[in-house]
């Protein structure tokens, strides 16, 4: 009886952990894909990017609105989501960190 | 005008001119014999002075009915096969239709039209009817949305360019077109075949392109026309080898250098040219030097009764071949006070040639900046790997819209090559176009929609 209960408990921890890692993996992959799309568009548009830290303001990336429009469209095709169109009250992010989180927080 | 001066199509059906035919995949009709035949079971006389709606399914029957009705009815409205049923009532009223010629008479019994005449491809002998009057030819504009406009022509105006060009040299031509003959571009070819003493091979909707081309070859077609989209489709199919027309014409859309060069390679011994014509303005001019655009010298001077000018970037045409009016209760004026038709086709002078850049109504708006999709497609199409492309707008939460392009490659390419081609196209677009006109994305597709009028479908235009 006791053994059985322990077993459930272990499984629950294990299951929770695996969900956690899965989530982390997904969000890592979303982040990487966003950064890689930014770099690709920067190369195409001949924009020299600064270091893409989370607190870098989007304005400082050197992207104009057209470059952001291209980025959002390509990410929609790649990830299947456009967080700025889905929600009417979504305010446009100010930093790289905000931008990435806008994608991570949308249920896929 | 005395009746002798009025020419109707029947005058071009000469029983002494042997071997002329009109055919579709199922039937061959002798144009030599039909002068003494009827497709209306002898009821033509009832249509005298009437305003007739010609509503038959196939082109062959439509052709036979046109040949019979012209010169007898007051007016004849050519009903294209894809006419939206919701528009019919308004068109009947605007064109004051009081008779219908149809291969489905039961459908029209309750239509309120007093006279329903059945038409049938099975011809019966009939005495040759005399020409009574100059029938007014009514055609519909081919715009994709809303109620089409009714455009009124005379046979004299419709055949103006044919008469100006003179008869084809050598053996009687065998004409073909990818268009439906109830559209302006197709009707021009049908009239050329009839007026010029030739034969014609009709197109058939849904017929596979390889079968169509086999039919063109079997019937030894010498002269053929279509839109650039029709021609790109033929070039893509690989079915063109073995077919060798003498005369290849493009009209209805912008003929860019890529499609002209593609046709030159496919038909090295043919005369290849593009013509400018519209349902409203009629045939404007033909360009036969193998280059896109047209010589700037064509502007300003009057040739063969056609005079052109450019105002606010759009081509304006004053011509005896133009339609005489829009028909209907609320019909707008077709020409300005000086008699010019505003074609809505935008042109740009580059060096000593004008180039078409797109339709005024087809502009897509990118963050307040105007873009003609055709201008982008011309840059993409000049890549040898590309067969066909469509630029379109895609909504964007940032700028309202961005440009994206769908591209059909000439040959299937593997992924690595696709990436290279995409990079090359984008680099070329960046070098040739303003930044807002460069596609944000290029998607490789296997097909693009073409409308029943033979034009690339533009859903956002």
ask   = List, please: which pairs have Cβ atoms under 8 Å, are six or more places apart or on different chains, and start with a residue in the range A:85-108 that is under 20 Å from residue A:53 (Cβ atoms) and end with one that is surrounded by 12 or more Cβ atoms within 10 Å (Cβ to Cβ) and at pLDDT below 75?
value = A:102/A:90; A:104/A:27
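Would you tally the residues in the range B:287-310 being part of a strand (DSSP E or B) and more than 20 Å from residue B:374 (Cα to Cα)?
Of the range B:287-310, the ones part of a strand (DSSP E or B) are B:287, B:294-295, B:302-303, B:306-310.
From what's left, more than 20 Å from residue B:374 (Cα to Cα): B:302-303, B:306-309.
Looking only at that region, the number is 6.
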message = Of the conditions (1) part of a strand (DSSP E or B); (2) more than 14 Å from chain A (Cβ to nearest Cβ), residue B:411 satisfies every one except a single condition; which number is it?
response = (1)
task = Could you grab me the full set of residues in the range B:330-351 that are assigned to a loop (DSSP other than H, G, I, E, B) and farther than 30 Å from residue B:94 by Cα?
result = B:351
inquiry  = Being part of a helix (DSSP H, G or I) and either modelled with pLDDT under 95 or out of contact with any helix residue (DSSP H, G or I) (no Cβ under 7 Å at 6 or more places or on another chain) (or both): is that true of residue B:194 here?
reply    = no
ask   = Limited to the range A:68-86, what total is found for residues that are more than 7 Å from chain B (Cβ to nearest Cβ) and closer than 14 Å to residue A:42 by Cα?
value = 1
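Here are some residues: B:68, B:93. Which one is loosely packed, with under 13 Cβ neighbours inside 10 Å and touching a residue at least 40 places away in the same chain (Cβ under 8 Å)?
Exactly one of B:68, B:93 is loosely packed, with under 13 Cβ neighbours inside 10 Å and touching a residue at least 40 places away in the same chain (Cβ under 8 Å), namely B:93.
Looking for whichever is surrounded by fewer than 16 Cβ atoms within 10 Å (Cβ to Cβ) and either on the phi > 0 side of the Ramachandran plot or part of a loop (DSSP other than H, G, I, E, B) (or both) here; the options are B:133, B:128. Which one fits? If you could, list the steps in order and put the result at the bottom.
Numbers: B:133 fails: surrounded by fewer than 16 Cβ atoms within 10 Å (Cβ to Cβ).
Matching residue, one of B:133, B:128: B:128.
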task = Report yes if some residue within the range B:394-406 is more than 14 Å from chain A (Cβ to nearest Cβ), assigned to a strand (DSSP E or B) and touching a residue at least 24 places away in the same chain (Cβ under 8 Å); otherwise report no.
result = no
ask   = Could you list, in sequence order, the residues of the range A:24-61 that are outside any helix (DSSP H, G or I) and within 14 Å of chain B (Cβ to nearest Cβ)?
value = A:46, A:47
task = State whether the residues of the range B:414-421 include one that is surrounded by fewer than 22 Cβ atoms within 10 Å (Cβ to Cβ), more than 11 Å from chain A (Cβ to nearest Cβ), at pLDDT 90 or above and closer than 26 Å to residue B:264 by Cα.
result = yes
inquiry  = Considering only residues that are closer than 16 Å to residue B:448 by Cα and surrounded by 23 or more Cβ atoms within 10 Å (Cβ to Cβ), which ones fall in the range B:391-403?
reply    = B:391
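The values are calculated or read from the model by the stated rules, or taken from the named source; none is laboratory data. These figures come from a predicted structure and were not determined experimentally. Backbone-built Cβ (ideal geometry, glycine too); neighbour counts: all protein chains shown.
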